[in-house]
1. Taking the condition farther than 30 Å from GLU137 by Cβ and open to solvent by 80 Å² or more (accessible area, probe 1.4 Å), does ASN331 pass?
2. Would you check if there is a residue in the stretch 331-350 being over 22 Å from ARG246 (Cβ atoms) and either at pLDDT 80 or above or in contact with a helix residue (DSSP H, G or I) (Cβ under 6 Å, 6 or more places away or on another chain) (or both)?
3. Assess whether TYR381 counts as being within 16 Å of the chain's Cα centre (by Cα), aromatic (Phe, Trp, Tyr) and more than 15 Å from ILE291 (Cα to Cα).
4. Show me the helices (runs of 4 or more DSSP H) found entirely inside the stretch 184-291 where at least 2 residues are among the basic types (Lys, Arg) and without any contact (Cβ under 8 Å) to a residue 24 or more places away in the chain.
5. Can you confirm whether the stretch 384-391 contains a residue that is of a type in the set (Gly, Ala, Ser), surrounded by 15 or more Cβ atoms within 10 Å (Cβ to Cβ) and under 30 Å from the mean Cα position of the chain (by Cα)?
6. For the stretch 293-312, which positions are in contact with a helix residue (DSSP H, G or I) (Cβ under 7 Å, 6 or more places away or on another chain) and surrounded by fewer than 23 Cβ atoms within 10 Å (Cβ to Cβ)?
7. Got a number for residues in the stretch 399-431 being at pLDDT 50 or above and either over 30 Å from ARG236 (Cβ atoms) or open to solvent by 80 Å² or more (accessible area, probe 1.4 Å) (or both)?
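The values are calculated or read from the model by the stated rules, or taken from the named source; none is laboratory data. Owing to the predicted nature of the structure, the values given are computational and were not obtained by experimental measurement. Glycine gets a Cβ as well: all are built from the backbone with ideal geometry, and neighbour counts include every protein chain shown. Areas reflect the complete protein model, heavy atoms only, side chains present, ligands, DNA and RNA absent. Shrake-Rupley method; radii C 1.70, N 1.55, O 1.52, S 1.80 Å.
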Amino acid sequence: MRRHFRWDKKYLYSGVTLFLAIAASILFYMILQNIPWIRGALSNIGKILAPFIWGFVITYLIAPLMKLLERKLFGPLSARIYSRSKKNDGSKLARALSVTFSVLILVAILVGIVYMMVPSLIESIRTIIKNWDLYYETVTGYIAEFQVSHPDIYEVVGQTLNKVTGDINSWGESLLPKAVEYLTSFLEGTWGVLLGVYNLIIGIIVSIYVLFDLEKFTSAFRRWLYSLFSVENAERIREAISYTDRTFMGFITGKLLDSAIIGLICYIVCAILRMPYALLVSAIVGITNIIPFFGPFIGAVPSAFIILMADPAKCLIFIIFVIVLQQIDGNVIGPKILGSSIGITGFWVLFAIVMGTGLFGFVGMLLGVPVFVVIYTFLNYRIESRLKKNDLPVEAAEYRDLDHIDPVTREAVKKTAEQPSKPPRKEKQKTQEPET
């Protein structure tokens, strides 16, 4: 008698789960074994897609400007031009003018920065190298004035300067034997600069295409999103992306504006005080101010050293000015532009910068704070959702000086000034055996 085989869903699911677990383990092992190859492959893919990455970054940065020009200027202007036309509402003309002017403004800013800063920076660096011996004599002469009252300081600083000068001289003597190595490094750096310019140009072209069809790209992404996820999950993802966009755009634009203001103030004050290399120093201070927390220190050290070589007396004035300027920036200018708070404490700002720098280098140092703000906000949202689901207090203040949570009322019970002492444990009395 033939017996038909019957499928048991329970065993089928267990088998599929076991198979997927084994396959995932094998895949994880293969990834661990081929990490260098995977890293190299991802690096090559990143180099190939670099122009498109630049294009999307440029699109992200100038899209708000394009929308503003289209809404406030070219949209009404095109509508007035085509007011009598029934077939054309002027939207294409408005978009074309908005994209063109947005890209021209970006290119004008880049060219203006290069035109104003690069020649002055090159001339300043050339002057520093040319007058190194004079700067050395100026610094040593200034230090010699303290020799009588501070001989120990003079001896230590003099030894340090002699060592630095000796290293520079020895480096110059060994320059010819290492000429090939330096030439190779120079050519690699030049190729890197040319590749960066190429990526920037192609990126601008890519951004033009994306900006012209921005609504099509956005609608295609939304269509893909709602096709893969349920409506509830798609809405959550859309809200998360919107919050991330606001956080990043607010932080980037705010930091750029804040750094531009700080660089301009620094240049004006340095020019009034007749500081040497005012433009070079102000450029360093302004650019490094983009980096949160560490930026002021990173920019102040080389700037103070440059001024020290030219005029040691003004170096102290510059250090005091930078300290005052950074205090004004941290307490007045920065909060006005970026808001009173970015949502995390100073400890987490430091943590985000250190982690971002360690994982992604300079880019991580710049964007570590907004990325961490997004992650921190998401985790905080998940924690609050879980607490609400379990009918527990949500506010962090409720958990301050917490003794315990009442299991019945689900309320936080605070610690009192005098905690009731626990009753002493009763020791079992040893029963004495009757004497025989």
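1. Details: farther than 30 Å from GLU137 by Cβ: yes; open to solvent by 80 Å² or more (accessible area, probe 1.4 Å): yes.
Criteria met by ASN331.
2. Within the stretch 331-350, not a single residue is over 22 Å from ARG246 (Cβ atoms) and either at pLDDT 80 or above or in contact with a helix residue (DSSP H, G or I) (Cβ under 6 Å, 6 or more places away or on another chain) (or both).
3. On the way: within 16 Å of the chain's Cα centre (by Cα): no; aromatic (Phe, Trp, Tyr): yes; more than 15 Å from ILE291 (Cα to Cα): yes.
So TYR381 fails the test.
4. Numbers: elements: 214-228, 231-272, 278-288.
The qualifying helices (runs of 4 or more DSSP H) are 214-228, 231-272.
5. Here is the first cut: in the stretch 384-391, the ones of a type in the set (Gly, Ala, Ser) are 385.
Going one step further and asking which of them are surrounded by 15 or more Cβ atoms within 10 Å (Cβ to Cβ), we end up with none.
Checking the stretch 384-391: not a single residue is of a type in the set (Gly, Ala, Ser), surrounded by 15 or more Cβ atoms within 10 Å (Cβ to Cβ) and under 30 Å from the mean Cα position of the chain (by Cα).
6. From the stretch 293-312, those in contact with a helix residue (DSSP H, G or I) (Cβ under 7 Å, 6 or more places away or on another chain) are 293-296, 298-300, 302-304, 306-310, 312; that's our starting set.
Those that are in contact with a helix residue (DSSP H, G or I) (Cβ under 7 Å, 6 or more places away or on another chain) and surrounded by fewer than 23 Cβ atoms within 10 Å (Cβ to Cβ): PHE293, PHE294, PRO296, ILE298, ALA300, PRO302, ALA304, ILE306, LEU308, MET309, ALA310, PRO312.
7. Just the residues of the stretch 399-431 that are at pLDDT 50 or above, to begin with: 399-420.
Then keep just the ones that are either over 30 Å from ARG236 (Cβ atoms) or open to solvent by 80 Å² or more (accessible area, probe 1.4 Å) (or both); that gives 399-404, 406-411, 413-420.
The total comes to 20.
Yes/no matrix, rows are residues, columns are (1) under 36 Å from the mean Cα position of the chain (by Cα); (2) over 23 Å from PHE248 (Cβ atoms):
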{"position": "ILE62", "(1), (2)": "yes, no"}
{"position": "LEU65", "(1), (2)": "yes, no"}
{"position": "SER85", "(1), (2)": "no, yes"}
{"position": "GLY90", "(1), (2)": "no, yes"}
{"position": "ALA94", "(1), (2)": "yes, yes"}
